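**Q** Please find one structure pasted underneath; my questions will follow.
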Amino acid sequence: MNIVLLAIGSIMIFLFNLYIHELGHLVCGFATGYKFHSFQAGFFMWIKEEDRIKFKLLKFFSMGECLMIPHENKEVFKFFWYNFGGSLFNLLSAIALLLIYKNSEGSILYENLLIVGIIAGIMFFITNSFPTPRGTNDGTNIYAALRSEEAKRGMHAFFYLPPTMAKNGKRFRDLPHEMFKVDEGIKLDNQFIIYLLLCEASRLRDMGEYNLAIEELNRLDFKNLPPSFKILVALEFLDYHIIHRPDFEKAKGIYEDKGMQLFLKNDLPSNTRILATYTYFVLGNVVEGRYLLEKAKKQLINFPDRGYRKMEIEYVERLEKLM
C-alpha cells in the first residue's frame with residue numbers, strides 16, 4: 001500500500017515542480033516589467049483578453065505553461081530573470097523541503113516523499129538551468145542571448161510578437177523587414193535567430209513573395225532544426241509544392257512524414273487548409289477537399305488570434321478561388 005501511495009505522491013510532486021517552475025517565470029516576469037498573457041496548469045487556464053483576465057477550462061491536460069509579454073522596446077528587454085525564474089523556484093522548493101526533512105519526525109512514507117521532492121526540485125533546476133547542445137531549455141536561452149545580440153533580438157520577438165499580434169490583429173506583412181532581418185554570414189545556430197528567419201519568410205509569404213520566402217527557408221540546415229521549427233518549415237514547403245510550384249511527388253514525401261501526420265491532427269484552421277489543399281490537388285478528391293475548406297472557414301469564425309485569423313481568412317479565400 002505504501003508503494004502505491006509513494007508512486008501517487010511522486011507523480012503529484014512531479015506535477016508540483018512543473019507548476020512551481022511556471023509560477024517562477026510568472027513572478028520573475030512581473031518583477032522585471034513583463035505583462036501577463038496566459039498561465040496554464042492541468043485543465044485550467046487564465047488568459048488576458050480585451051484587458052481582462054479570463055478563466056477557461058482546457059480540453060486537454062496541460063503540463064504547465066506561462067506566457068508573458070516583454071516591453072515593446074527591445075533595447076530595454078530584460079531576459080535573464082524571466083528565463084531563470086522557473087529554475088530558481090524549483091531550487092527554492094528543494095531547499096524548503098530539505099529544511100522540512102531535517103526537522104521532520106513523520107512516517108517513513110512522509111520522509112520518502114520529502115526526499116523525492118528534494119531530488120525532483122534539484123533535477124528540475126539542473127535540467128533547466130544548464131545549457132545543453134542543441135537544447136531549448138531556459139539555460140540555453142539565457143546563454144544564447146548573452147553571447148549574441150541577434151539571438152537576444154530573436155528572443156524578444158519570440159516572446160513579444162505572438163501575443164501582441166493575437167491582440168492587435170497585425171499580420172506579418174504589416175511589420176517591417178528590419179524587425180526580422182538576419183544578415184548573410186550570421187550563424188543560424190540557435191532557435192531565436194532561426195525564429196527571426198522564419199518570421200521573415202512568413203512576412204514574404206504574407207506579401208505574396210513565395211519564391212523569396214522559400215529562398216529564406218533554404219538558408220536553414222533543415223536536418224538540424226529543432227523539431228517544432230522543422231514542422232513549420234515543412235508545412236511551408238508542402239504548400240509551396242502544391243500551389244506555387246507544383247511538384248506533387250515532393251508534396252507527397254513531405255505529407256507522408258510521421259511527424260507531419262501527427263502535427264496535422266492538431267485542429268487548427270491552417271492545418272485544415274493545408275489538408276484541404278493536399279486532398280483537392282494531390283489526391284484529386286474534390287468533394288473532401290471542398291468540405292475541409294468549409295471546415296477551415298468555420299474554424300476561423302471565432303478564432304481568438306486576430307492576426308492569425310486575418311491571414312488565414314485571406315489564404316482560405318485565395319484557395320477557394322483556385323478550386
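**Q** Could you tell me whether residue 312 is exposed (fewer than 15 other Cβ atoms within 10 Å of the Cβ) and in a helix (DSSP H, G or I)?
**A** So residue 312 fails the test.
**Q** Does region 91-102 include one or more residues that are within 19 Å of residue 141 (Cβ to Cβ) and either part of a helix (DSSP H, G or I) or at pLDDT 90 or above (or both)?
**A** Checked region 91-102: at least one residue is within 19 Å of residue 141 (Cβ to Cβ) and either part of a helix (DSSP H, G or I) or at pLDDT 90 or above (or both).
**Q** Among (1) aliphatic (A, V, I, L, M); (2) within 21 Å of the chain's Cα centre (by Cα); (3) farther than 30 Å from residue 54 by Cβ; (4) open to solvent by 20 Å² or more (accessible area, probe 1.4 Å), which single condition is residue 234 missing?
**A** Tallying (1) aliphatic (A, V, I, L, M); (2) within 21 Å of the chain's Cα centre (by Cα); (3) farther than 30 Å from residue 54 by Cβ; (4) open to solvent by 20 Å² or more (accessible area, probe 1.4 Å), residue 234 fails exactly one: (4).
**Q** Among the residues of region 19-38, is any of a type outside the set (Asp, Glu), in contact with a helix residue (DSSP H, G or I) (Cβ under 7 Å, 6 or more places away or on another chain), over 20 Å from residue 162 (Cα atoms) and outside any helix (DSSP H, G or I)?
**A** no
**Q** Can you give me the number of residues within region 23-43 that are closer than 21 Å to residue 93 by Cβ and buried (at least 18 other Cβ atoms within 10 Å of the Cβ)?
**A** Going through region 23-43 one residue at a time, the tally reaches 9.
**Q** Answer with yes or no whether residue 80 is open to solvent by 70 Å² or more (accessible area, probe 1.4 Å), under 23 Å from residue 161 (Cα atoms) and in contact (Cβ under 8 Å) with a residue 60 or more places away in the chain.
**A** yes
**Q** What pairs come up if the first residue lies in region 52-71 and is open to solvent by 70 Å² or more (accessible area, probe 1.4 Å), the second is outside any strand (DSSP E or B), and their beta carbons are under 6 Å apart, counting only those six or more places apart or on different chains?
**A** 63/18; 71/33
**Q** Let me ask something else about it. Determine if region 168-175 includes at least one residue that is in contact (Cβ under 8 Å) with a residue 60 or more places away in the chain, open to solvent by 20 Å² or more (accessible area, probe 1.4 Å) and closer than 18 Å to residue 76 by Cα.
**A** No, every residue in region 168-175 fails to be in contact (Cβ under 8 Å) with a residue 60 or more places away in the chain, open to solvent by 20 Å² or more (accessible area, probe 1.4 Å) and closer than 18 Å to residue 76 by Cα.
**Q** Related question: Please report, ordered by residue number, the helices (runs of 4 or more DSSP H) entirely within region 140-217 with at least 2 residues that are farther than 25 Å from residue 36 by Cα, in contact with a helix residue (DSSP H, G or I) (Cβ under 6 Å, 6 or more places away or on another chain) and charged (D, E, K, R).
**A** 191-206
**Q** Out of (1) in contact (Cβ under 8 Å) with a residue 40 or more places away in the chain; (2) surrounded by fewer than 14 Cβ atoms within 10 Å (Cβ to Cβ); (3) of a type in the set (A, V, I, L, M), the odd one out for residue 96 is which?
**A** (1)
**Q** Shifting gears a bit: Which numbered condition trips up residue 129, out of (1) buried (at least 18 other Cβ atoms within 10 Å of the Cβ); (2) at pLDDT below 90?
**A** Condition not satisfied by residue 129: (2).
**Q** Oh, and also: So if I check each of 181, 167, 187, 102, which one is touching a Leu at 6+ places or on another chain (Cβ under 8 Å) and among the basic types (Lys, Arg)?
**A** Among 181, 167, 187, 102, only 181 is touching a Leu at 6+ places or on another chain (Cβ under 8 Å) and among the basic types (Lys, Arg).
**Q** Can you tell me which residue among 184, 215, 150, 209 is among the acidic types (Asp, Glu), open to solvent by 20 Å² or more (accessible area, probe 1.4 Å) and in contact (Cβ under 8 Å) with a residue 40 or more places away in the chain?
**A** Exactly one residue qualifies, and that residue is 150.
**Q** When the residues of region 25-69 are filtered to those that are aromatic (Phe, Trp, Tyr) and touching a Gly at 6+ places or on another chain (Cβ under 9 Å), which remaining residue is farthest from residue 138 (Cα to Cα)?
**A** Within region 25-69, the match that is farthest from residue 138 (Cα to Cα) is 61.
The values are calculated or read from the model by the stated rules, or taken from the named source; none is laboratory data. In this text, all values refer to a predicted model and were calculated from it rather than measured experimentally. Every residue, glycine as well, gets a Cβ built from its backbone with ideal geometry; the counts of neighbours run over all protein chains shown. Accessible surface is based on the protein model in full, side chains and every heavy atom, while ligands, DNA and RNA are left aside. Shrake-Rupley method; radii C 1.70, N 1.55, O 1.52, S 1.80 Å.
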